[in-house]
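The values are calculated or read from the model by the stated rules, or taken from the named source; none is laboratory data. The model shown is predicted, which means the values in this text are computed figures rather than measured ones. Glycine also receives a Cβ, built like all others from the backbone with ideal geometry; neighbour counts cover every protein chain displayed. Protein only, heavy atoms only, side chains kept; ligands, DNA and RNA dropped before computing areas. Shrake-Rupley method; radii C 1.70, N 1.55, O 1.52, S 1.80 Å.
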Amino acid sequence: MYDTSNIKKGLKIQMDGVPFAVVEFQFVKPGKGVAFTRTKLKNMMTGAVLERTFRSGEKLEPAAMEERQMQYLYREGDRFVFMDTASYEQLELAEDFIAENQYYLVDGTMVDVLFFNEKAIGITPPTFVELRVTQTEPGFKGDTSSNTTKSAVLETGLEVQVPLFIEQDELLKIDTRTGGYSERVKK
Amino acid sequence: MIASAKLKNLEARHRALRGLRDFFDERGFIEVETPTLVRSPGTELHIEALEVVGAGERRYLHPSPEYAMKRLLAAGMTRIFQVCKAYRRGELGHLHQPEFSMLEWYRSEAGSEAMIADTEALVARLAELLCGEARIGGQHGPIDLSPPWPRLGVQQAFERFAGTGAADFAALLDDEERFYRVLLEHVEPRLGVGRPTVLERYPAQMASLARLRSDDPSVADRFEVYVDGIELCNGFGELTDAAEQRRRLLAEQATRRQNGQPDYPIDERFLSALEAGMPESGGNALGLDRLLMLLLGTRDIAEVLSFDDAAI
């Protein structure tokens, strides 16, 4: 069991059989009064965020989570298909559970699939993925000013701000934590 | 790497410390220092102390200097103030640090009213010193710090901001957790908007070390000041009745034992001082870091500290 002193961003707990991840938290206490931890919790099944205030010392049940590394194979309609590379067992996940992460998936990407009570409920992409530029305006040669950017569309449909020197068909390293451009991949 | 904004805040802290020392000196107060290593950290139900190992007989870092300062009043000092570090276990957040700076002052032959007047004058003065005027920005617009500040009774505040009727309020007093949930969720955020709020007339159950009001013994002679939803200080017309004080401390100690909380000893030297005779007195304890936050316009206590708990 956890208690309120274990609360930090990303901590996964379960309440009434539903898994939640801590999005935000704040310690609050009147000088001579009872201490609480105010939290914003994201329902990991639906994505809905709710507010919940726990009394200090209150027990929290850890969510029975398991992560397995799997390979992304392909998309079929609103289903995303993954495979366990050891057992060749395949798994389908609906788009709702992939959400924004679909912009980081190209065939063959290895991801962590998150299971709650044996049921797949989401994925965590690698911290960095390499994605190709499919569309961007030509940059200006020689302009190296670092605070100037332009927009580029990548092969997955993700739109990012990139430096002016980036050209179409180049491969970029993208930080999936921020969804932003990290660097150009030279190959 | 320390951000330059923080270095500016540390310079402001220096000016605030000089300003408050001048303020108290002009009013005839003596600055005192009392031990931070104490035998009894008090028996407050919701304040946990840090125990110091290796100090010989068991010692604690004081969560407040109030017992020692009251002993000085009983010994005959009449106007005293102290700026010190105080320590509270498990308190860490945007408004809390386990080690923080406390400004505490006492006047003999005085009660809450004199302490409120001191607080109003001190805060306005430091605002003028640091911000150029007795006015600061708040989350809901400017806050006018010039005295006198509006008063609000605790029950009145619950009625106004949480719609708590008299019967519901009485029920809340029997359910401490709910009382504080309502206070934190509905009442506190609405206090100190536009003007500071002096929250007063605390229910007798929450008298702590305050005397009960002679005009209405159902409430304590205790007040707190809120600015922009932030609790800034806690003041008392001090309880000087040694027998009543002993009863309250014993009751708190028994409740702590019942709850399985650490068992802190009662400060017998403090009680002896009351028995020997402590004059009618007023006292106030103000969170100096929070005052700096308000004057410097930050919502994070770490911004006004050289190094917060995460940076040590």
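What to note about this one:
- The residue list A:GLY47, A:ALA35, A:VAL23 was ranked by how far each Cα lies along the charge dipole of region A:2-62 toward its positive end, using unit charges on Cβ atoms, and A:ALA35 comes out on top.
- Between region B:1-23 and region B:142-217, the alpha-carbon centres lie 32 Å apart.
- The convex hull drawn around the Cα atoms of region A:65-124, when projected onto a plane and averaged over every direction, covers 3.7 nm².
- 10 Å binning of all Cα-Cα separations within region B:127-189, expressed as whole percents from 0 upward: 19, 37, 23, 18, 3
- Where labels lie 7 Å past Cα in the beta-carbon direction, separation of B:ARG195 and B:LEU173 in nm: 2.7 nm
- Couplings 3J(HN,Hα) for region B:147-160, derived from phi with the Karplus relation 6.51 cos²θ - 1.76 cosθ + 1.60 (θ = phi - 60°), are x, x, 9, x, 9, 8, x, 4, 5, 4, 5, 5, 5, 5 Hz, where x marks Gly and Pro.
- Lys, Arg +1 and Asp, Glu -1 on Cβ, resulting dipole of region B:4-311 about Cα centre, debye, nearest 20: 400 debye
- Accessible carbon and sulfur surface of region B:90-130 relative to its total accessible area, %, 1.4 Å: 54 percent
- Amide H contacts under 5 Å for A:LEU172, placed H, 5+ residues apart: A:LEU131, A:ARG132, A:VAL133, A:VAL185
- Debye equation applied to the C-alpha atoms of chain B, log10 I(q)/I(0) at 0.11, 0.13 Å⁻¹: -0.70, -1.01
- Those residues of region B:152-195 for which accessible area with every protein chain present is at least 40 Å² below the isolated value (1.4 Å probe): B:GLU177, B:TYR180, B:ARG181, B:LEU184, B:GLU185
- Exceeding the 21 Å Cα-Cα cut-off - candidates A:LYS12/A:LYS40; A:LYS9/A:LYS42; A:LYS9/B:LYS6: A:LYS9/B:LYS6
- Heavy-atom accessible area for B:ARG18, with the other protein chains in place and a 1.4 Å probe, reaches approximately 150 Å².
- Taking amide H as placed 1.01 Å from N in the peptide plane, B:LEU145 has its amide H under 5 Å from the amide H of B:ARG135, B:ILE136, each at least 5 places away in sequence or on another chain.
- Between B and A, buried accessible area from a 1.4 angstrom probe totals roughly 1700 Å², ignoring ligands, DNA and RNA.
- Placing unit charges on the Cβ atoms of the charged side chains and taking the dipole of the protein assembly as shown about its Cα centre, the candidate lying farthest along the positive direction among B:GLY229, B:PHE23, B:CYS131 is B:PHE23.
- FRET efficiency estimate (nearest 0.05) - Cβ-Cβ, B:ARG27 to A:THR124, R0 35 angstrom: 0.05
- Average projection area in nm² (convex hull over Cα atoms of region A:2-62, one quarter of hull surface): 3.8 nm²
- Whole-Hz Karplus values for region A:94-100 come out as 6, 4, 3, 7, 8, 6, 5 Hz, taken residue by residue from phi with 6.51 cos²θ - 1.76 cosθ + 1.60 and θ = phi - 60°; glycine and proline positions read x.
- The HN-Hα couplings worked out from phi for region B:73-84 by the Karplus form 6.51 cos²θ - 1.76 cosθ + 1.60 (θ = phi - 60°) are 5, 5, 7, x, 6, 10, 9, 9, 9, 8, 10, 8 Hz, whole numbers, x standing for Gly and Pro.
- Alpha carbon Rg of region B:1-148, scaled by the compact-globule rule 2.2 N^0.38 Å: 1.19
- For the protein assembly as shown, average projected area of the Cα convex hull in nm²: 30.9 nm²
- Amide H within-cut-off set for B:ARG59, under 5 Å, with H built and near neighbours excluded: B:VAL52
- Placing +1 on each Lys and Arg Cβ and -1 on each Asp and Glu Cβ, with no other charges, gives the protein assembly as shown a dipole about its Cα centre of roughly 1000 debye.
- Evaluating kT/(6 pi eta Rh) at 4 °C and 1.567 mPa s, with the Kirkwood radius of chain A over Cα pairs in the Stokes-Einstein relation, gives 68 µm² s⁻¹.
- Shielding of A:31-42 by partner chains, average beta-carbon count, 10 Å: 6
- Stokes-Einstein D (µm²/s) once Rh is taken as the Kirkwood radius of region B:1-53 over alpha-carbon pairs, at 4 °C in 1.567 mPa s: 87 µm²/s
- Over region B:210-312, the alpha carbon radius of gyration divided by the compact-protein estimate 2.2 N^0.38 Å works out to 1.40.
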